[in-house]
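Step one of this worksheet: look at the structure below.
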Amino acid sequence: MRTAYGVETVRAAERELMARLPDGALMQRAAAGLAAACADLLGRVYGSRVVLLIGSGDNGGDALYAGARLARRGAGVTAVLLTPERAHPGGLAALHRAAGRSVGVEAAEDLIERADLVVDGIVGIGGKGGLRPEAAPLAAAADRAGAAVVAVDLPSGVDADTGEVRGTAVRADLTVTFGTHKPGLLIDPAREYAGVVRLVDIGLEPPSDATELEALQHADVARLLPLPAAETDKYRRGVVGIAAGSARYPGAAVLAVAGALRGGAGAVRYVGPAADAVIARFPETLVSDRGPKKAGRVQAWVVGPGAGDDAATVAEVLATDVPVLIDADGLRLADAEAVRGRTAPTLMTPHAGEAAALLGVSREEVEGARLASVRELAARYAATVLLKGSTTLVADAGGAGPVRVNPTGTSWLATAGSGDVLSGLAGSLLAAGLRAVDAASVAAYLHGLSARFAADGAPVGAHDVAEGIPGAWRDVRG
């Protein structure tokens, strides 16, 4: 599992490690990893033109020492010093000894325009609120230039703890981060600024109980997938109820059922006005027109996709004592007190617009502060929340503990109905007995992986994503 830690945790771990190492050893480890990554990106170091953008923090020191290593290999290295009097003295001396040079900001734009590589060492992980006015033109010049841009630990101007970008920030092609990932490298909008992220091991050992963010990998998902044993029947595999669809949106019901069936459910019970459409596509579905209470035995419910204004069905599902997933129209129709009062697990799956309506803020505010938004929703509703989007986040009920970020998402999922498929898939995993946070995380992982496989560089529809789930499942299991 990939993990990310907050700034204060990282700094405490760095202090502990530095106390056990010779003076300057930790910075040299970071500089060596940074220089190696820069060399890999350049391909040919000798004769290349490298510009270092140097602020006053340790990131500037890392960049200066890395620049010295590149200069010793024949690169022409120039450091642009934003605050010359506060540049790291040891790193600057090392650069000068290696025949590198340093200049003020007045010469920066011409140097950046002619560079092969620009290294961003302006601001460290403690930076807040975007770049200062004197640094912003350098970020803009690097963005305009044809040079590759490498960020040291984190692109300057993004918030390491939250992934927020409130002002001008450096856009990197590669971010070389040290010791551990920082949340901002994994969450949009900051993730978009980070480019490819390369983690350099410097011996850091942050405490596991301080994890801010988790990202499942194939092995983690494989361990969580429910597999039928020899004596398994449909109830042991899990029966999921789908209360979805309307006369206007019958397809939402079909897609949610598709996700549930492909997600491993032993059986799917459908309740709603789209029974004919569901049966025509999936004859194995068990349909009922008597409402959720009389639909028969289920181990989890999915309610809301395409439901229109059917608040009564949403209320009836929320009154059950099994896990419930609420999506789409269900989020609008669900009574907040009824959600908070449930004793069985509840999983809410809003996109940014729905989350904004639930929180009473603008969509832009949710998209700009995704981590804070998913935690707030989970706390406010006492429910596990899956916040859909370019980086899907999952917060456990109450909002405490590490938030999970899905690493398999793809922009091809921005298509009508894909969320309905996700709901059915997650519902089937809830019915199989997974915890809500695990069902949500595994579903998001398989959903994204399926879309990647189905798209293969071309547009796909939601039905293609559903059909691709078994292939994603097989890929995860290896």
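The values are calculated or read from the model by the stated rules, or taken from the named source; none is laboratory data. All of these numbers come straight from a predicted model, not from anything done at the bench. Cβ sites come from the backbone with ideal geometry, for glycine too, and all protein chains shown count toward neighbours. Calculation scope for accessible area: heavy atoms of the full protein, side chains included, ligands and nucleic acids excluded. Shrake-Rupley method; radii C 1.70, N 1.55, O 1.52, S 1.80 Å.
Rounded if a/c is under 1.5, else prolate if a/b beats b/c, else oblate: with a ≥ b ≥ c from the C-alpha gyration tensor eigenvalues square-rooted, which is the stretch 99-257? Because a/c hits 1.5 or more and a/b exceeds b/c, the stretch 99-257 counts as prolate.
Heavy-atom accessible surface of residue 41, to the nearest 10 Å², is about 80 Å², with a 1.4 Å probe and all protein chains retained. Here r is the Cβ-Cβ distance between residue 338 and residue 143 and R0 is 41 Å; the resulting FRET efficiency, rounded to 0.05, is 0.25. Extension gain for the segment residue 15 to residue 365, taken as residue separation times 0.36 nm less the Cα-Cα distance, is 122.5 nm to one decimal.
Per the Kirkwood formula applied to alpha carbons, the stretch 23-127 shows a radius of gyration over Rh ratio, Rg over Rh, of 0.93.
Spin-label point model (7 Å from Cα, Cβ direction): what's the residue 97 to residue 225 distance in nm? Computed distance between label sites residue 97 and residue 225 equals 5.4 nm.
The phi-based Karplus calculation (6.51 cos²θ - 1.76 cosθ + 1.60; θ = phi - 60°) puts the 3J(HN,Hα) values of the stretch 229-239 at 8, 4, 8, 5, 10, 5, 6, 5, 6, x, 10 Hz, whole numbers, x for Gly and Pro.
Relative contact order, percent, of the chain when contacts are C-alpha pairs under 8 Å separated by at least 6 residues? Don't jump to the answer; show the numbers that get you there.
Details: 1169 pairs, mean separation 59.2, N = 478.
Relative CO of the chain lands at 12 percent.
Each residue of the stretch 155-164 is assigned a 3J(HN,Hα), and the resulting list reads x, 5, x, 9, 8, 5, 7, 10, x, 7 Hz, derived from the Karplus form 6.51 cos²θ - 1.76 cosθ + 1.60 (θ = phi - 60°), x at Gly and Pro.
Going through [x] 1.61; [y] 1.11; [z] 1.01, the figure that equals Cα Rg over 2.2 N^0.38 Å as computed for the structure here is [y]. Spatially, the stretch 63-94 and the stretch 354-379 are offset by 42 Å when compared through their Cα centroids.
Here the calculated FRET efficiency for residue 209 and residue 379, from their Cβ-Cβ distance with R0 = 22 Å, stands at 0.65, rounded to the nearest 0.05. Once backbone amide H atoms are built at 1.01 Å from N, residue 200 has 177, 178, 179 as its partners under 5 Å, excluding neighbours fewer than 5 places away on the same chain. Under 5 Å between amide hydrogens, built in the peptide plane, is the criterion, and for residue 242 it picks out 269, 270, 271, 302 among residues at least 5 positions away or on other chains.
How many lysine pairs in the chain, separated by 8 or more positions in sequence or lying on different chains, have Cα atoms less than 21 Å apart? Can you show the working numbers first?
On the way: 128/182; 182/388; 234/293; 234/294.
For the chain, qualifying lysine pairs total 4.
Scanning residues 5 or more positions from residue 213 or on other chains, those with amide H under 5 Å from its amide H are 4, 403, with H placed 1.01 Å from N in the peptide plane.
Counting only protein heavy atoms and a probe of 1.4 Å, the accessible surface of the stretch 1-120 is 48% carbon and sulfur.
Cα gyration tensor of the stretch 248-296, axes a ≥ b ≥ c as square roots of the eigenvalues: rounded (a/c below 1.5), prolate (a/b > b/c) or oblate?
On the way: a/c = 1.71, a/b = 1.09, b/c = 1.57.
Note, shape of the stretch 248-296 comes out oblate.
Summing +1 for each Lys or Arg and -1 for each Asp or Glu, what net charge is found among the other residues whose Cβ lies under 15 Å from the Cβ of residue 18?
Numbers: positive: 11, 15, 20, 29; negative: 14, 16, 23, 58, 62, 205.
In short, -2.
Surface listing: 282, 453 arranged by accessible area from highest to lowest gives 453, 282, probe 1.4 Å. Distance between the 7 Å Cα→Cβ label points at residue 85 and residue 312: 7.6 nm. If you sort 388, 294, 234 by accessible surface, 1.4 Å probe, largest first, the order is 294, 234, 388. Give the shape of the stretch 345-478 as rounded, prolate or oblate, defined through the alpha-carbon gyration tensor: a ≥ b ≥ c are the square roots of its eigenvalues, a/c under 1.5 means rounded, and otherwise the shape is prolate if a/b is larger than b/c and oblate if not. Verdict is oblate for the stretch 345-478.
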